[in-house]
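Structure record follows, encoded as structure tokens.
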Amino acid sequence: MQTPWKDYQKQNEQRFLDEMLELLRIPSISAKSEHKEDMRRCAEVVRQRLLDSGCDKAEVMETAGHPAVYGEKLIDASKPTVLVYGHYDVQPTESDASNPWLSDPFEPLIKDGKVYARGSADDKGQFYMHVKALETMVKTASMETNIKFLIEGEEEVGSPNLGKFVAEHKDLLKADVILISDSSMLSMENPSLDVGVRGLSYIEVEVTGANRDLHSGTYGGAVANPITILCKMIASLHDENNHVTIPGFYNDVVEATREERELMAKAPYNEGEYKDELGVKELWGEGGYTTNERTGIRPTIEVNGIWGGYTGEGAKTVLPSKATAKISARLVPNQNSGKMTDMLLEHFKKIAPANVTVHAFEHHGGEPYMTPIDSKGYQAAAKAVQTTFGKIPIPVRGGGSIPICSILEKELGIKIVFMGFGLDSDNLHSPNEKYNLENYYKGIETIPYFHKFFAQG
Ligand SMILES: [Zn+2]
């Protein structure tokens, strides 16, 4: 169908793209202190873009860490207010030699209808759809809600300062619903909406053996090797059914109902294609659950990094003093991040043999989050997607985590609606992150409908 704003968007297509590319050129890596100035520069650009796109007010606001950007376009106090949340920070770009970036992560490459760059899908390309949707609504006189923007700069490092920021600015951020585009849909042919995200507990475990690196010939065989010990501890985390073995790990999980599992099973899924796309011969996962369930309704543990000893060129016969691993658990509704983190830390201390010492500490965490599909916000999003995609979206549980969700709901007392336009194949957090131009434009076309239906709802 011809949307009322389609012509305006078509005429401005190239500029909408150019503006997104300009944002992608700024290396706003929140994890690295050397990019502190890039972070601020990016926040300033976002502020200016909000103003240029129709906001009456936009500010770069300080937090204890990287700044957040706030903007607003308020049209009528009697109309509902939508708070758009997104993040302008991106993940680091380090990659393994076997899977390198094929182009500069901060010089966007357009190939086959896709933009390759760090942050293209997560989340610059996605939050910017809302900025261009705002411009569209302002320019085509189709605004039916008040719109506020909160674009933060610390999502990729766990939003450590945003909870306090939100608590201190409750009035400023007051709204009727929170709208987030920072997730994926199943495919363009099978649009879906996330109804929840998993929580996270992230820890680091350092195992120390001898008080210094040793000669592996002189001491090997007599002194415990911390790499071997750490590997054994990690290997013991799953049993033969790939069930997590930590006592109490599943205690608080609310099992999904048979009805929900049946609904999930309706989502199109082709195991052969899934494996081919990943280049694996066999999948792996907890017995008794489908792939979709393993990444949605079940908690998991993954090792995110492991190092120790000599990893340089050639050989060096060393029996290292230390080995370290970064380990994270994804959590599902009713599990508590603080409690689970304590459980993980305790477990590693408990299973450590006496021949090493273990130092384990927390990195960050986040609570799981669920949004009800009968809410006004979800219904408006579903109707918007149905209008532009021609299909009712399938509700799915997202596997990732957005730690700020539970905090936003707690502090502001309103529900979150996830309207992600990315694809799982967008290589989020990996080399060659990309965002399809079709998805970008489709998002900009769909978002105004959300506002329209939410105002009507
Ligand atoms: Zn993100």
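The values are calculated or read from the model by the stated rules, or taken from the named source; none is laboratory data. Treat the numbers as computed from the prediction; the structure is a model and nothing was measured. Heads up, the Cβs are rebuilt from the backbone with ideal geometry, glycines too, and the neighbour counts pull from every protein chain shown.
Points worth noting:
- Scanning the range 172-195 for residues being within 16 Å of the ligand (Cβ to nearest atom), part of a strand (DSSP E or B) and more than 20 Å from Glu411 (Cα to Cα) gives a total of 3.
- Of the residues making up the range 83-100, one or more are more than 16 Å from the ligand (Cβ to nearest atom), within 30 Å of Tyr449 (Cα to Cα) and not in a loop (DSSP other than H, G, I, E, B).
- Enumeration of residues in the range 375-416 that are in a strand (DSSP E or B) and more than 16 Å from the ligand (Cβ to nearest atom): Ile394, Pro395, Val396, Arg397
- For Lys124, the stated conditions hold: it is within 17 Å of Leu179 (Cβ to Cβ), within 16 Å of the ligand (Cβ to nearest atom) and basic (Lys, Arg).
- Subset tally (residues that are closer than 23 Å to Glu346 by Cβ and not in a loop (DSSP other than H, G, I, E, B)) for the range 231-285: 7
- Checklist (1) buried (at least 22 other Cβ atoms within 10 Å of the Cβ); (2) out of contact with any helix residue (DSSP H, G or I) (no Cβ under 8 Å at 6 or more places or on another chain); (3) at pLDDT below 90 applied to Gly365, failing item: (2)
Residue-wise test of (1) surrounded by 18 or more Cβ atoms within 10 Å (Cβ to Cβ); (2) outside any helix (DSSP H, G or I).
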position: Met20; (1), (2): yes, no
position: Arg41; (1), (2): no, no
position: Arg47; (1), (2): yes, no
position: Ala58; (1), (2): yes, yes
position: Ala64; (1), (2): no, yes
position: Val69; (1), (2): yes, yes
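- Residue in the range 289-344 that is nearest to Ala256 (Cα to Cα), counting only those that are in a helix (DSSP H, G or I) and of a type in the set (Val, Ile, Thr): Thr291
- Within the range 155-171, the set of residues being within 15 Å of Ser406 (Cβ to Cβ) and either outside any helix (DSSP H, G or I) or of a type outside the set (D, E, K, R) (or both) comprises Gly158, Ser159, Pro160, Leu162, Gly163, Val166, Ala167.
- Positions within the range 1-18 being hydroxyl-bearing (Ser, Thr, Tyr) and either free of Cβ contacts under 8 Å to residues at least 40 places away in the same chain or outside any loop (DSSP other than H, G, I, E, B) (or both), in sequence order: Tyr8
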